[in-house]
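The values are calculated or read from the model by the stated rules, or taken from the named source; none is laboratory data. Source: prediction; values computed, not measured. In this analysis, Cβ positions are derived from the backbone assuming ideal geometry, glycine residues included, and neighbour counts consider all displayed protein chains. Surface accessibility is based on the protein's heavy atoms, side chains included, excluding ligands, DNA and RNA. Shrake-Rupley method; radii C 1.70, N 1.55, O 1.52, S 1.80 Å.
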Amino acid sequence: MRREAVTYTAKQVAELGRDNIPSELLSGQGLVYSSPATLAYNSPGAEGFGVKRAGLSVPESVMLIVSPGCCGRNTSIVSSMPQYEDRFFYLLMDETDLVTGRHLTKIPDAVSEVVSFLEGQGKAPRVVMICITCVDALLGTDMERVCNACEAKIADTGIRVRPCYMYALTREGRRPPMVHVRQTLYSLLAPMEKDPRSVNLIGNFAPMAEGELQRYLLEAGVKNIRQIGACGTYDEFLKMASANFNIVTNPEARASADDMSRELGIPYIELTRVYGIRQVALQYQALAQAAGITIDLADDKQEAEQAVFDLREKYPDLTFNIGECINADPFELALSLLRYGFKVDEIYATLAPEKFRYVAKIAELSPDTKIYCNMEPTMLYYDVSSSRAHISLGKDAAYYCPDIPNVAWNEDVQPFGFQGIKELMARIDRALGEVTA
Amino acid sequence: MRGLRKVLTPFAPDQSGAVSVLYNLGGLIVIIDAGGCTGNVCGFDEPRWHGARAAVFSAGLRDMDAILGRDTLLVSKIASAAERIDARFVALVGTPVPATIATDYKALKRMLEKKVDLPILTLPTDGMKLYDSGESVAYKELFEAFAGDDVRASEGEELVLGATPLTYGDSYTDVTLEDIESIRGRRLVAASSSGIEAARLTGKDYEIRSSLAEALLAGEKIEGKVLVCHDEVFGKTLRDNGIDCDIATFFTLHDEIKQGGDIKITEEDEFTSLALSGRYDVIIADNCLQKLAKGYEGRWIDAPFFALSGRM
């Protein structure tokens, strides 16, 4: 029997409606295929900023992973990066620990030994993150209490000990791991005097690429723009508590922003990463209004429009396949590209109901655009040969489309807003140019 | 402290070993996890994943699935996939989640057998044991399901057991289901610790030999007293070829291999003590262990060991 990957066109999905999205396109409906996208998502320590790397975003922090050996196995990828040398430690659980919970009583001693080890190397940490996994989620471990016991054990050092929850089981829950880890990071901040000329960008772990957003803030009189990934020391990180307001650039940081609003009195404004020029402009106008500042975005907007125009002039029939391992919402990106006059042949992404609004609009512009779900078991049989795309976007799309140029667009340091659009257009042009050359 | 790792990252776990044996056999492999374990297996411990697609799936468990023990939902997901995927068997590979909630694999198997017309293999790995243990479990399940009394293959045809990428890196040797079906008539070579366990299951005589160690010997002149820290068969092969060595292994050390100076080690400082004991002119081990032997002044020969370092 001929086997094929299950796919639906945008038109089919739109006609079925938001409440009847085919189960093959949704998360949690079946077994999960081991595609690059699901592996990157599934394994929070494997790529990008999963829980492990994210937990070490705080300068001068180290992490003790308390888990079965399997949970820390792939950390050797991260450990090999110079900035993570001597920052990961492991307390391996065995079957007796699982039954008796005795590993919990060993954690304070383990933290003490790790701290002594690092002090001996002249690398005393300021924070120890304790990362626990699915096992302790199911055991109902009270990690706050364990962390308090750890702090008591090393009270003379003043080192903070905080929990990180790498609970893959809860990734579709109210507080998935990447939401929770951000809350843990910012919970280290203590109230301090406000500096009306300080602003935090929260959401990213690596610094946001320098761009128009920072320039707008500086032109409005802001002196200090702080991001966790740009803080060189723990003391510098603590100054994030002095911010006048937070700008949230990733929805997974919303809960942290709520915490900071409540605990530190820092209000926040949310900006979303989008690739529609009009939507970017509207967001900046909303930011200006909320923050009471003036933003002159005309030049940046014009430059983004020009970048899109130039690419379209050069490649009028340019057709894309788009994956989800990308610094973008693949459906929003697809819609934006269609609105710019490009074509989108295939999208490889899990379709959540809140994304339906994009699919409905995609269906109006490009009803035949095909939607595949990276999680769907039949992706085992995906065959790219019928695709008409000239280029793929997203690291995972390269896996499905090995014979056409790819722009991964999933780097840690991410451009934002108009700058993001301009750079994406430039990268697409470069990738296509390399093929032509 | 026992169990505390300050230098090394954790070694390949049993679930990776289980998948490593099953990977290219044409089965529908279901890792019973929330997703992270599958990510570790395919994204890290299974180099073959990068070269070709394989039917390895995560069960995609969520917290309430585990808390409420929704086995019926899991069976339904597997049955749905089995209808749409060509497979010769279904293998359920355990992780810490089913270990924590005490999943009844026998019951799962019975439930699945009513829905899926394929052999069902259950491998109760738990992510807390090491890869060689998982490989042994996989061989046992395979033999029970597929090793018949077929003796058509000639006695001289060699079948290498235990040469998975986790021990052999890119020099691995695949075993096919046809090999398993005809195993009774084959001349067996145990190429690693799990190979010994597998060969023992057949009740047949077997040879113990590591082609990896033989390749090392072909390229190196080794003199003096040697400490070899690798798989036990790797060490035995060196010894059988005239190297005066003690074997230290983080994995299984069978009595049939163990000699006076050999030792099974578990902790980092055990290796440090051995390396710095002054007894060894040469250490043959993965370079990742060098950090544990600071101050060792003898010769170090790198023997990459994927299950330790993730290095080919």
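Couple of notes before you dig in:
- Among the residues of region A:148-177, those that are touching a Lys or Arg at 6+ places or on another chain (Cβ under 8 Å), part of a helix (DSSP H, G or I) and surrounded by fewer than 21 Cβ atoms within 10 Å (Cβ to Cβ) comprise A:GLU151, A:THR170.
- A:ASP19 meets all of the listed conditions (1) within 13 Å of another protein chain (Cβ to nearest Cβ); (2) assigned to a helix (DSSP H, G or I); (3) open to solvent by 40 Å² or more (accessible area, probe 1.4 Å); (4) in contact (Cβ under 8 Å) with a residue 60 or more places away in the chain but one, namely (1).
- Only a single criterion out of (1) among the hydroxyl-bearing types (Ser, Thr, Tyr); (2) more than 8 Å from chain A (Cβ to nearest Cβ); (3) open to solvent by 10 Å² or more (accessible area, probe 1.4 Å); (4) in a helix (DSSP H, G or I) is not satisfied by B:SER20, namely (3).
- Region A:220-250: number of residues that are farther than 18 Å from A:GLY420 by Cα, open to solvent by 20 Å² or more (accessible area, probe 1.4 Å) and in contact (Cβ under 8 Å) with a residue 40 or more places away in the chain: 10
- Residue in region A:352-378 that is surrounded by the most Cβ atoms within 10 Å (Cβ to Cβ), counting only those that are among the aliphatic types (A, V, I, L, M) and modelled with pLDDT under 95: A:MET375
- For region B:76-107, a tally of residues being over 19 Å from A:SER34 (Cα atoms) and touching a strand residue (DSSP E or B) at 6+ places or on another chain (Cβ under 6 Å) returns 1.
- Residue selected from region A:96-119 under the condition among the charged types (D, E, K, R) and within 10 Å of chain B (Cβ to nearest Cβ), by the criterion surrounded by the most Cβ atoms within 10 Å (Cβ to Cβ): A:ASP97
- Residues in region B:275-300 that are under 25 Å from the mean Cα position of the chain (by Cα) and surrounded by 16 or more Cβ atoms within 10 Å (Cβ to Cβ) were compared, and the one that is nearest to A:GLU113 (Cα to Cα) is B:LEU292.
So that you can scan it fast, the table gives a plain yes or no per residue for (1) in contact with a Gly (Cβ under 7 Å, 6 or more places away or on another chain); (2) free of Cβ contacts under 8 Å to residues at least 40 places away in the same chain; (3) buried (at least 24 other Cβ atoms within 10 Å of the Cβ); (4) farther than 22 Å from B:THR38 by Cβ:
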| position | (1), (2), (3), (4) |
| --- | --- |
| B:VAL93 | no, no, yes, no |
| B:ASP104 | no, yes, no, no |
| B:LYS109 | no, yes, no, no |
| B:PRO119 | no, yes, no, no |
| B:GLU135 | yes, no, yes, no |
| B:GLU178 | no, yes, no, yes |
| B:ILE183 | no, no, yes, yes |
| B:GLY195 | yes, yes, yes, yes |
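Yes/no matrix, rows are residues, columns are (1) more than 18 Å from A:GLU252 (Cα to Cα); (2) more than 14 Å from chain B (Cβ to nearest Cβ):
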site: A:GLU151; (1), (2): yes, yes
site: A:ARG160; (1), (2): yes, yes
site: A:ARG174; (1), (2): no, no
site: A:MET178; (1), (2): no, no
site: A:GLN183; (1), (2): no, yes
site: A:MET192; (1), (2): yes, yes
site: A:GLY211; (1), (2): yes, yes
site: A:TYR216; (1), (2): yes, yes
site: A:GLY229; (1), (2): no, yes
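- Qualifying position, being surrounded by fewer than 22 Cβ atoms within 10 Å (Cβ to Cβ) and either under 18 Å from A:ALA54 (Cα atoms) or free of Cβ contacts under 8 Å to residues at least 24 places away in the same chain (or both), among A:GLY211, A:GLY203, A:GLY140: A:GLY140
- Residue check for A:ASP136: part of a helix (DSSP H, G or I), modelled with pLDDT under 95, in contact with a His (Cβ under 6 Å, 6 or more places away or on another chain) and within 11 Å of chain B (Cβ to nearest Cβ): no
- Boolean, B:ASP65 is open to solvent by less than 40 Å² (accessible area, probe 1.4 Å), assigned to a helix (DSSP H, G or I), more than 20 Å from B:LEU142 (Cβ to Cβ) and charged (D, E, K, R): yes
- Within region A:395-437, considering residues that are of a type in the set (Phe, Trp, Tyr) and over 19 Å from the mean Cα position of the chain (by Cα), the one farthest from A:GLY323 (Cα to Cα): A:PHE418
- Conditions (1) of a type outside the set (S, T, N, Q); (2) farther than 17 Å from A:ASP300 by Cβ; (3) part of a loop (DSSP other than H, G, I, E, B); number of the one not met by A:MET240: (3)
- Residues of region A:74-95 that are of a type outside the set (D, E, K, R), facing chain B (nearest Cβ under 10 Å), in contact with a helix residue (DSSP H, G or I) (Cβ under 9 Å, 6 or more places away or on another chain) and part of a helix (DSSP H, G or I): A:THR75, A:SER76, A:ILE77, A:VAL78.
- Qualifying residue in region B:267-290 (condition: of a type in the set (A, V, I, L, M, F, W, C), without any contact (Cβ under 8 Å) to a residue 40 or more places away in the chain, within 29 Å of A:GLU85 (Cα to Cα) and in a loop (DSSP other than H, G, I, E, B)): yes
- When residues of region A:379-396 are limited to those that are in a loop (DSSP other than H, G, I, E, B) and of a type outside the set (D, E, K, R), the one surrounded by the most Cβ atoms within 10 Å (Cβ to Cβ): A:GLY394
- Of the criteria (1) within 14 Å of another protein chain (Cβ to nearest Cβ); (2) under 30 Å from A:THR436 (Cβ atoms), which one A:THR378 fails: (2)
- Test: residue in region A:3-14 that is open to solvent by less than 40 Å² (accessible area, probe 1.4 Å), more than 9 Å from chain B (Cβ to nearest Cβ), outside any helix (DSSP H, G or I) and not charged (D, E, K, R): yes
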